[in-house]
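Structure record follows, encoded as C-alpha cells.
The values are calculated or read from the model by the stated rules, or taken from the named source; none is laboratory data. None of the values given here were measured: they were computed from a predicted structure. Neighbour counts are summed over all protein chains in view; Cβ atoms, including those assigned to glycine, are modelled from backbone coordinates with ideal geometry. Surface accessibility is based on the protein's heavy atoms, side chains included, excluding ligands, DNA and RNA. Shrake-Rupley method; radii C 1.70, N 1.55, O 1.52, S 1.80 Å.
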Amino acid sequence: MKWNIQPKPDNSLVSKLQNELNIDATIASLLLQRGISNFEEAKKFFRPSLDDLHDPYLMKDMEKAVDRIETAIKNNENILVFGDYDVDGTTAVSLVSSYLRSFYPNVATYIPDRYDEGYGISFKGIDFAHDNDITLIIALDCGIKSIAHVDYASERNIDFIICDHHRPGDALPKAIAVLDPKREDCNYPYDELCGCGIGFKLIQALGLNRNQNTADLIIYLDLVATAIGADIVPITGENRILAKFGLEVINSNPRPGIKALFENKKKKTLTITDVVFIIAPRINAAGRIKHGNHAVELLTEYDLEQAAQFASEIEQYNSDRKELDKQITAEALLQIENNNESENFTTVVYQENWHKGVIGIVASRLTETYFRPTLVFTKSGAKLAASARSVPNFDVYNALESCSQYLEQFGGHKYAAGMTLKEENYNLFKAAFEDVVKKTIQPEWLLPEITIDSEINFDQITPKFLRILKQFEPFGPQNMTPVFLSKNVIDTGYGKGIGENEEHLKLFVKQNNSTGIAAIGFGIGSKLLLTEKQQPLDIAYCIDENEFNNEITVQLRLKDLRASNKID
C-alpha cells in the first residue's frame, strides 16, 4: 500500500487555533484539515445543534409538496409511500409513513420487488396504487429519472411527489413536486442529504404547518442516522447534525425494530460504524434475500415482542446473504483468474445464476481485491443487471454515462451505481467500459493507499487527547476516523495471527519507554513476519476503544505496518 501522508497545515494557523481552543497541535491540525479554522466553526463541529438545520422550505418545490399532502388529508385521499428496497429507501418509507400515520390513517407503503420490478418506481407499483384508489404517491430515494412512470401515473389520475438525492437527468419528471437538492435550479444550502434525509426535511416542513418544532421529530432520527451510515454520504453539515442526534436516539430510545437488531450484541454504545456493520446489513438483507417489505414491517413495528420476531427472521436472511456473498465472490475471483483479466483497468464479471441481491456486495469485495472500477452482472428476467463500485477519485457514474448507448437504464452515484442492458450488448458494453476507464482514470488511482492524517508518538495519546478525539465523531466521508503514523515501534513479543486462517494480526506494541498498547490489524495477518526479532516498525493506525467484560481500554486498529526507514 502507498502511504499518503497529509501535508501539515501552516504553523501559524495551527498555533492560532491551538491557543483559541486550548488544544494540542495535533488536534488543531486535524481540525484545519477538515476546514475548521476558528472558534465558531469548531463550536459547530464539536457541538452540533438542531437549530443549525436549514429551513426545509428553502428546498425547491417544498411548498408544493406540503400543499399537495395537506390537500390529500383534507380530501380524505389514499396516500402511498413508495421507496427503494435498500436501507436508505426502507428507512425513508418507514419514516414518512409512520409520521403521516401519527395523525392520518389512509397511508399505505410499497417497496418494489428487487427481482420482479427492479430498482426505483415501477409500473406494477403504480397499478397497485390505481387498483387501491390511491391518488397520491410520495416516492423516496428514487424517481428523479422516472419520467415515463410519472406520465403513466398521471394518465390514471395519480399525482407524484418525488423525494430523491440522486443526480437528475436532462429533464425532470412532471410530478407535483420534485424535492432533490441536486436539481440545478434548487438553491438549498446542502446537497449531500440521503433519501431518508430528504424524507426528514419533508416531515420537518409538514411539522412546521402543525406547530411542531424539530425537537418534536427527534424520535425519527434513529432512521435517518441509519440511512446516513448505510448510504455512505458525507458526515458534514446537516448530515453531521442528523447523524449525531440520530445516534443519541439509537443509544437511548430506539424504535423497537432497531432495538431488536442489536439486542444481543456486546456493545453498549453504538457508533456510526456499528450502524454500518450491525444494523444496515440486516435491514439490507431483507430486500436482498426476501423482500424489502420485511424491513419496513420491522422498522414501523411498535410492539417489542413482534419486532423481536421480525428481527429474528431478518437475522436469518442476513446469514443466508453471507453464505451467498462468500460463494459468489469465490466464483467471481476464479472467473477473473481463468480469463486472465486481472491486469485490465476494470473488473467486469457475469454469471447468469448469481443472486441479484448480493452482486453489489460482491462488487465491493472485488474492488477491494483488484482496486479497479468493478461491475458484477447477473441475469434479471430477459435482461442483465449489474451493480457497479468504484475506487477513490474515479466517477463510475460518468463512465457509465459515456457507455450509455449500450444500456437500457442506469443510475447512482460517483462510487456506486446500478444498470441493466440486453444480453447481446454485454460484450460491446464491457469493451466500451474498459476503454473509457483506460482513457480517463489516473494510474495512481489504481493503487490502494492509506491517507495518514498526522504523525504522533505514543506519549501524545493522553486521556485529554482521546476525549477530544472522541468528539470528532460521528465519523464518515469527509470526516473519516483520523489515521496516525508512529515510527520505531516494536512488538513486545506477543505478536500472533488470529482468526480461522490467522488472517488477522494481534500485537502488543511499545515505543521508547511508553506503556504498551494492544493493537489489532484485520486482514494483515501475513505481516506477522515483520514483527519477529522485535525489529523497529512504522505503523499506520486508528485509535479505538475495546470493550471487554465491561472494561474499556485503548486499542490501536492497524491499517498497515512496515519496517522502519522504508521509503514509500
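Before moving on, here are some points about what is shown:
- Complete set of residues in the range 310-367 that are small (Gly, Ala, Ser), free of Cβ contacts under 8 Å to residues at least 60 places away in the same chain, over 29 Å from LYS439 (Cβ atoms) and surrounded by 20 or more Cβ atoms within 10 Å (Cβ to Cβ): ALA311
- Here GLU502 clears all of (1) part of a loop (DSSP other than H, G, I, E, B); (2) among the charged types (D, E, K, R); (3) open to solvent by less than 50 Å² (accessible area, probe 1.4 Å) except the condition numbered (3).
- Some residue of the range 81-101 being assigned to a loop (DSSP other than H, G, I, E, B) and surrounded by fewer than 22 Cβ atoms within 10 Å (Cβ to Cβ): no
- Scanning the range 198-247 for residues that are among the basic types (Lys, Arg), in a helix (DSSP H, G or I) and surrounded by fewer than 24 Cβ atoms within 10 Å (Cβ to Cβ) yields a total of 2.
- Filtered residue count, the range 378-427, keeping only those that are under 17 Å from the mean Cα position of the chain (by Cα) and open to solvent by 50 Å² or more (accessible area, probe 1.4 Å): 6
- Flag if VAL66 is touching a residue at least 60 places away in the same chain (Cβ under 8 Å), surrounded by 16 or more Cβ atoms within 10 Å (Cβ to Cβ) and closer than 21 Å to ILE289 by Cα: no
- Checked against the criterion of being closer than 26 Å to VAL249 by Cα, of a type in the set (Ser, Thr, Tyr) and open to solvent by 10 Å² or more (accessible area, probe 1.4 Å), the range 176-197 has at least one qualifying residue.
- Whenever a residue of the range 274-299 is closer than 15 Å to ILE258 by Cα, its partners that are open to solvent by 10 Å² or more (accessible area, probe 1.4 Å) and of a type in the set (S, T, N, Q), lying with C-beta atoms within less than 6 angstrom and at least six residues away or across chains, give the pairs VAL296/THR109.
- Residue count for the range 483-524 satisfying the condition of being acidic (Asp, Glu) and either closer than 30 Å to SER29 by Cα or touching a residue at least 40 places away in the same chain (Cβ under 8 Å) (or both): 1.
- Scan of the range 1-22 for residues that are outside any loop (DSSP other than H, G, I, E, B), surrounded by fewer than 13 Cβ atoms within 10 Å (Cβ to Cβ) and either among the small types (Gly, Ala, Ser) or free of Cβ contacts under 8 Å to residues at least 60 places away in the same chain (or both), ordered by number: ASN11, SER12, SER15, ASN19
- Subset of the range 404-427 that is of a type in the set (Asp, Glu) and part of a helix (DSSP H, G or I) - its residue that is nearest to GLU117 (Cα to Cα): GLU423
- Complete set of residues in the range 516-555 that are of a type in the set (S, T, N, Q) and either at negative phi or open to solvent by less than 50 Å² (accessible area, probe 1.4 Å) (or both): SER526, THR531, GLN535, ASN546, THR553, GLN555
- Whichever residue in the range 50-63 is closer than 23 Å to ASP216 by Cα and in a loop (DSSP other than H, G, I, E, B) and, among such residues, is most open to solvent (accessible area, probe 1.4 Å): ASP55
- Filtered residues of the range 23-33 (kept if open to solvent by less than 50 Å² (accessible area, probe 1.4 Å) and not aliphatic (A, V, I, L, M)): THR26, SER29
- Considering the range 428-484, and only residues there that are in a helix (DSSP H, G or I) and of a type in the set (S, T, N, Q), the residue that is surrounded by the most Cβ atoms within 10 Å (Cβ to Cβ) turns out to be GLN460.
- Residue among TYR152, TYR190 that is under 22 Å from ILE232 (Cβ atoms) and among the aromatic types (Phe, Trp, Tyr): TYR190
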